[in-house]
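What follows draws every value from the coordinates through simple rules; no lab data is involved. Not measured: the values here are computed from a predicted model. FYI the Cβ positions are ideal-geometry reconstructions off the backbone, even for glycines, and counts take in every protein chain you see.
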Amino acid sequence: MKYQVRKLNFWIVLLVDLLLLVAAHLLAYVIRFEGDVPMGQRANIPVFLAFLLPIKLGGFFFFGLYRGMWRYTSLADLLSLLRACVVAGFVSLGVILLVNRFEGFSRAVFVLDILLTFLFVAGFRVSLRVYYQNISGWVFFREKSADSRQRRKRLLVVGAGDAAEKVAREINDNKALPYMVAGFLDDNAAKVGQRIHGIPVLGSIAELQGFVSKTRAQEILIAIPSAGREQMQRIVDLCREGDVPFKTLPSLGELISDQVSVKAIRDVSYRDLLGRPPVRLALQEIGGILAGRTILITGAGGSVGSELCRQIVRFQPGSLILMDISEQNLYQIEMELRHEYGYSGYTAVLGKVQDKALLEALFQQYRPTVVFHAAAYKHVPMVECNPWEGVYNNIFASKRLMEVAVRYGVERFILISTDKAVRPTNVMGATKRMAEMLMQGFCEKVKDSGAGTRFMAVRFGNVLGSSGSVIPLFRRQIELGGPVTVTHPEMTRYFMSIEEASQLILQAATMGEGGEIFVLEMGTPVRIGQMARDLIQLCGKEPDTEIEIRYIGLRPGEKMYEELITEGEGIVHTGHEKIMVLRGEKGFSLADLQESLANLKQFSATHDAEGIKAELGKVIPEYTAQACESVLPRG
């Protein structure tokens with residue numbers, strides 16, 4: 001406020017407000033007495049204004065009407081003005097009532113004064129916004145503005161809801177943006193013919209191509225963040241029929257801050273066609289386990305780990321311990337948190353979870369209360385050819401982390417697992433299943449000892465765009481002109497976005513009491529061949545003609561279909577529609593696993609791939625090993 005007082009504009013607006021307050025009061029008398037104000041009432045005017053003006057201005061200051069930028073006057077500002085007028089009016093009425101019980105004063109004048117004050121001051125504020133948005137500088141820069149309008153792209157917006165309104169408002173407010181909205185399309189017949197910020201809702205989405213020609217649109221914006229898979233596919237198919245480029249706003253899951261912005265416009269991606277509904281989060285419960293806490297995230301620079309970091313900072317943790325073996329990945333998430341999220345309460349730890357001494361020193365120094373263990377080797381063919389590394393990283397590193405977590409009294413330990421742990425046909429899946437068994441073993445141990453650590457695992461399928469995902473590979477192959485290589489025409493996989501997976505992991509973390517394996521609802525499995533076709537079309541090419549799709553057969557360790565539960569695992573629905581929990585027929589004790597762990601350590605030390613697979617088969621009966629030559633075959 002002190003800064004505002006030093007500005008000339010503040011004093012100009014204050015002076016105009018004073019004149020408007022006086023005018024409103026005088027007009028109230030004129031209206032009440034139909035233009036013929038009695039002499040007795042005229043004598044009341046200066047007396048009343050002497051204390052009415054300070055009361056009203058005091059109300060304006062109290063409700064912050066002089067702290068805003070008048071060129072951005074909004075509905076919230078007008079509501080504050082209404083409150084100020086009503087409160088000031090009632091205070092004035094109270095004063096008159098106490099002083100002389102309205103003897104000689106007209107009550108109708110005070111009611112009219114409140115209404116006219118609001119109308120006059122609100123009109124002034126709105127006129128300031130209109131001036132700055134539509135008139136300011138027009139006289140002096142008319143030619144420049146005309147050139148600017150010619151350079152701006154004509155945008156046809158698909159959707160006429162809240163997101164479309166916010167985009168249109170931002171485009172109207174910011175003349176520097178390279179867009180102008182030519183019209184809206186919406187399937188809601190009640191909206192057709194209406195206007196949003198003066199721009200018409202032209203017709204239904206089915207008429208898109210006709211309105212592209214009529215409006216001379218140069219670009220199409222799909223502004224329906226809540227669109228499902230079928231709706232988005234239909235809109236994209238309509239957009240493809242013409243030569244006009246089309247883009248979209250992010251899905252609701254990506255709009256973390258609930259702010260729709262022109263800056264968020266991007267090309268349509270496969271996640272839009274996936275069409276998964278937004279995640280419902282119990283924010284208060286998540287905040288209860290994260291706010292003010294010290295949280296360790298292993299694999300913090302990876303796909304899921306880095307998204308967990310982005311999601312967790314929303315809940316104002318006390319500090320984040322970011323641990324990763326990749327220097328580049330760790331640096332990227334560190335810089336992102338600092339410069340994009342404005343969060344500096346992190347510690348970046350470059351190192352391996354396998355390093356027992358490092359873990360010990362780390363926990364002793366920082367005392368984390370919540371651990372998200374996302375570090376793992378996840379690339380199926382790579383681990384299949386280097387199985388000892390999968391054992392070291394996915395099994396023994398997890399075991400060491402769990403041991404340290406128990407020793408230092410971690411409250412919650414969340415293991416990030418995978419659907420490939422279900423009836424595994426590869427070493428990666430088998431080692432992740434072994435990590436789940438270790439988690440349950442440590443859960444039994446802490447129950448017996450009375451320790452407080454709650455262990456749980458979260459199991460889900462593929463995430464779009466993660467390291468090792470087929471989508472970056474397909475996009476690169478399309479850029480190079482093909483062919484796009486697909487393993488098998490019938491292969492299917494479950495997919496969800498990284499944002500959705502991370503949000504559900506946080507939600508599941510609030511539910512665990514100890515030993516649960518949570519399973520995320522993955523929807524309908526997707527054919528990889530169809531995914532390849534959709535991506536080719538999204539890139540503006542035609543599959544089979546412009547870009548070849550070539551089937552190359554299953555890779556080492558892969559299976560045709562992924563599953564989320566194993567036979568014999570009981571599935572129980574939780575209070576969240578997208579999270580289920582598995583409770584196996586029996587738990588696992590650490591004693592049951594000791595012999596297998598010792599054998600796996602020996603086989604890994606000698607790079608004995610066959611011995612590793614055989615031992616995994618003993619401890620995980622549902623594991624079916626596949627013949628695959630490792631990088632160090634036994635002589």
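Highest average first, the peptides 422-432, 82-92 ordered by how many other beta carbon atoms sit within 10 Å of their residues are 422-432, 82-92.
Using the Cβ-Cβ distance between Met560 and Arg229 with R0 = 22 Å, the FRET efficiency computed as 1/(1 + (r/R0)^6) comes to roughly 0.45. Sorted on the mean count of surrounding Cβ atoms within 10 Å across their residues, most packed first, peptides 336-349, 155-168, 235-248, 285-298 read 155-168, 285-298, 235-248, 336-349.
The residues Cys539, Cys309, when put in order of fewest to most other Cβ atoms within 10 Å, stand as Cys539, Cys309.
Residue exposure proxy: His25, His488, ordered by other Cβ atoms within 10 angstrom of their Cβ from fewest to most, comes out as His488, His25. By other beta-carbon atoms within 10 Å, ranking Trp11, Trp388 with the fewest at the front produces Trp11, Trp388. A Förster distance of 22 Å, applied to the separation of the beta-carbon atoms of Leu177 and Arg216, puts the FRET efficiency at 0.75. Were the residues from Leu15 through Leu480 laid out at 0.36 nm apart, the gain over their Cα-Cα distance would be 160.7 nm. Per-residue Karplus couplings for region 326-340, computed as 6.51 cos²θ - 1.76 cosθ + 1.60 with θ equal to phi - 60°, are listed in order as 8, 4, 5, 4, 5, 5, 5, 6, 4, 5, 5, 4, 6, 8, 9 Hz, Gly and Pro entered as x.
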